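One structure is given below, encoded as structure tokens.
The values are calculated or read from the model by the stated rules, or taken from the named source; none is laboratory data. All values reported here derive from a predicted model rather than from experimental measurement. A quick note on method: Cβ atoms are made from the backbone with ideal geometry, for glycine too, and the neighbour counts reach across all protein chains shown.
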């Protein structure tokens, strides 16, 4: 058998290096090239000193950035549901036109304002196995799925649990053409409260926005793996001995096997663990001390909550004292921590100081509050089960925070429980959805510069040989 006349090893080494560089650069460009949409208001675009820098930063990381405001969809003057519907209708066209991957909403989330509010949804639809009141829940999840009709039964109540063809009970909005939990975009929000007519509120919120944008750029511009080693640590705070199972399953199944250190703050009375916690009483001072000692890349808790606090764990006053140079990704298994109507809600205040991305609940959320296996189908969509799934995706699978939340909602069974659907709707991300625990400095070369870069590699190799 004759050997080939085209022998790879007969080519000059410089040309091989040049071709190899072209291939690697092309693959990197293809892998990281995504379309990233920023939806905001004209007032915010005119007022922010960091938004244009943030856009350039995202472009350097391989995104094609598209920024829109209410003038792009005739949304000026609209508030509440009309504003939400106008924005979503525009996003349907934009997603189809640009094949958008990420969506960052920057603006006021409150339901009575515009032009970029959260959508008012009604997930706990009265039906068999759903003995709950049908409370309104504000959510950005509505903008992740722009191609489904979330009022499939036509009753004016969007996002209802249950099939549209139910017989003998209240109909829902699931079914062909309705809610299918297949997201079209990966969504996050940076709240900005007020507008130019509310000078003090708006100016402070713009100042906070610029700080968050700069902090996000700094986080993603960490130089190398050594610079982010601190992020492989977790702080876990649990109020009540009945909830310790959440922290222990995180530690034993996810964190320790994957090289994470942990600092645990537990109510450790009347129980015995083979590895006792670092603090044996759950209190805000103990959590703050643990946060300072451990510098967590991930922080999570399981306790009762309200708009401005998580019981015995965190308050907005305490959040203002956290180290903001090493901000954490949070999963807050508490009710109301992301309550949009409260301009001082805990998730937002943590995003301003102490966190790089926060996931909390805008309304009442559901447990369980006693020990269960968080990996079983029947418990994936309780708030500790969702926390387990989110942290697994962020810390083990190395997904972005937005990918982790969207895939969690897509893949976790609802187990025919309307209150689980309320958890999915109520869990919202504050912060850049493109943030990853493992982010470091990255500049993806523009395709037009690749031949020049390849030529530079070749010439450098020739200079070394001469």
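Any residue at all in region 386-402 that's within 15 Å of the chain's Cα centre (by Cα), outside the structural domain of residue 340 (by TED's automatic domain parsing) and either part of a loop (DSSP other than H, G, I, E, B) or at pLDDT 95 or above (or both)?
As a first pass, look at region 386-402 and keep what is within 15 Å of the chain's Cα centre (by Cα): 386-395, 397-402.
Narrowing further to those that are outside the structural domain of residue 340 (by TED's automatic domain parsing): none.
Within region 386-402 (the criterion being within 15 Å of the chain's Cα centre (by Cα), outside the structural domain of residue 340 (by TED's automatic domain parsing) and either part of a loop (DSSP other than H, G, I, E, B) or at pLDDT 95 or above (or both)), the answer is no, since none of the residues qualifies.
Which of the residues belonging to region 370-385 are in a helix (DSSP H, G or I) and either farther than 26 Å from residue 271 by Cα or within 17 Å of the chain's Cα centre (by Cα) (or both)? Walk me through how you get there before you give the answer.
The first filter runs over region 370-385 and keeps only residues in a helix (DSSP H, G or I), leaving 377-379, 383-385.
Within region 370-385, 377, 383, 384, 385 qualify.
Could you list, in sequence order, the residues of region 100-143 that are within 20 Å of the chain's Cα centre (by Cα) and assigned to a loop (DSSP other than H, G, I, E, B)?
First, pick out the residues of region 100-143 that are within 20 Å of the chain's Cα centre (by Cα): 100-110, 116-121, 137-143.
Selection gives 100, 101, 108, 109, 110, 116, 117, 118, 140.
Consider residue 75 carefully, then state whether it is touching a strand residue (DSSP E or B) at 6+ places or on another chain (Cβ under 9 Å), more than 17 Å from residue 149 (Cβ to Cβ) and either without any contact (Cβ under 8 Å) to a residue 60 or more places away in the chain or surrounded by fewer than 20 Cβ atoms within 10 Å (Cβ to Cβ) (or both). Quick ask: steps written out before the conclusion?
On the way: touching a strand residue (DSSP E or B) at 6+ places or on another chain (Cβ under 9 Å): no; more than 17 Å from residue 149 (Cβ to Cβ): yes; either without any contact (Cβ under 8 Å) to a residue 60 or more places away in the chain or surrounded by fewer than 20 Cβ atoms within 10 Å (Cβ to Cβ) (or both): yes.
Spelling it out, it is not the case that residue 75 is touching a strand residue (DSSP E or B) at 6+ places or on another chain (Cβ under 9 Å), more than 17 Å from residue 149 (Cβ to Cβ) and either without any contact (Cβ under 8 Å) to a residue 60 or more places away in the chain or surrounded by fewer than 20 Cβ atoms within 10 Å (Cβ to Cβ) (or both).
Would you call residue 231 touching a residue at least 12 places away in the same chain (Cβ under 8 Å) and in the same structural domain as residue 351 (by TED's automatic domain parsing)?
Values: touching a residue at least 12 places away in the same chain (Cβ under 8 Å): yes; in the same structural domain as residue 351 (by TED's automatic domain parsing): yes.
So residue 231 fits the description; yes.
Give me the pairs, please: first residue somewhere in region 323-344 and at positive phi and modelled with pLDDT of 95 or more, second residue anywhere and surrounded by fewer than 24 Cβ atoms within 10 Å (Cβ to Cβ) and not in a strand (DSSP E or B), beta-carbon distance under 7 Å, and either six or more positions apart or on two chains.
As it stands, the answer is 336/307; 336/363, since those pairs meet every condition given.
Whether any residue in region 215-231 is under 19 Å from the mean Cα position of the chain (by Cα), closer than 30 Å to residue 256 by Cα and not in a helix (DSSP H, G or I) is what I want to check.
For region 215-231, residues under 19 Å from the mean Cα position of the chain (by Cα), closer than 30 Å to residue 256 by Cα and not in a helix (DSSP H, G or I): present.
Does residue 317 fit the bill of being more than 19 Å from the chain's Cα centre (by Cα) and part of a loop (DSSP other than H, G, I, E, B)? Don't jump to the end; show me each part of the working.
Working: more than 19 Å from the chain's Cα centre (by Cα): yes; part of a loop (DSSP other than H, G, I, E, B): no.
Against the criterion (more than 19 Å from the chain's Cα centre (by Cα) and part of a loop (DSSP other than H, G, I, E, B)), residue 317 does not qualify.
From 101, 69, 108, grab the single residue that is surrounded by fewer than 21 Cβ atoms within 10 Å (Cβ to Cβ) and either closer than 23 Å to residue 430 by Cβ or in contact (Cβ under 8 Å) with a residue 12 or more places away in the chain (or both). Can you show your working first?
Details: 69 fails: surrounded by fewer than 21 Cβ atoms within 10 Å (Cβ to Cβ); 108 fails: surrounded by fewer than 21 Cβ atoms within 10 Å (Cβ to Cβ).
Only one candidate qualifies: 101.
Might you let me know whether region 258-269 holds any residue that is modelled with pLDDT of 95 or more, assigned to a helix (DSSP H, G or I) and within 14 Å of residue 388 (Cβ to Cβ)?
Step one: filter region 258-269 for residues modelled with pLDDT of 95 or more, giving 258-268.
With assigned to a helix (DSSP H, G or I) added as a condition, the list becomes 258.
Filter once more, keeping what is within 14 Å of residue 388 (Cβ to Cβ): 258.
Yes: region 258-269 contains one or more residues that are modelled with pLDDT of 95 or more, assigned to a helix (DSSP H, G or I) and within 14 Å of residue 388 (Cβ to Cβ).
Against the definition (in contact with a strand residue (DSSP E or B) (Cβ under 7 Å, 6 or more places away or on another chain) and in contact (Cβ under 8 Å) with a residue 40 or more places away in the chain), how does residue 387 come out, yes or no?
Values: in contact with a strand residue (DSSP E or B) (Cβ under 7 Å, 6 or more places away or on another chain): yes; in contact (Cβ under 8 Å) with a residue 40 or more places away in the chain: yes.
Considered against the rule, which asks whether it is in contact with a strand residue (DSSP E or B) (Cβ under 7 Å, 6 or more places away or on another chain) and in contact (Cβ under 8 Å) with a residue 40 or more places away in the chain, residue 387 comes out as yes.
Can residue 185 be described as outside the structural domain of residue 399 (by TED's automatic domain parsing), under 22 Å from residue 348 (Cβ atoms) and in contact with a strand residue (DSSP E or B) (Cβ under 9 Å, 6 or more places away or on another chain)? Reasoning before the result, please.
Values: outside the structural domain of residue 399 (by TED's automatic domain parsing): yes; under 22 Å from residue 348 (Cβ atoms): yes; in contact with a strand residue (DSSP E or B) (Cβ under 9 Å, 6 or more places away or on another chain): yes.
Criteria met by residue 185.
Residues are listed down the side, and each one gets a yes or a no for (1) farther than 30 Å from residue 80 by Cβ; (2) surrounded by fewer than 14 Cβ atoms within 10 Å (Cβ to Cβ):
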| residue | (1), (2) |
| --- | --- |
| 183 | no, no |
| 189 | no, no |
| 203 | no, yes |
| 210 | no, no |
| 214 | yes, no |
| 271 | yes, yes |
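Residue 408 passes all but one of (1) closer than 17 Å to residue 186 by Cα; (2) crowded, with 22+ Cβ neighbours inside 10 Å; (3) in contact with a strand residue (DSSP E or B) (Cβ under 7 Å, 6 or more places away or on another chain); which number fails?
(3)
Any residue at all in region 21-32 that is under 21 Å from the mean Cα position of the chain (by Cα) and at pLDDT 95 or above?
At the first step, the residues of region 21-32 found to be under 21 Å from the mean Cα position of the chain (by Cα) are 31-32.
Keeping just the survivors that are at pLDDT 95 or above gives none.
Within region 21-32, not a single residue is under 21 Å from the mean Cα position of the chain (by Cα) and at pLDDT 95 or above.
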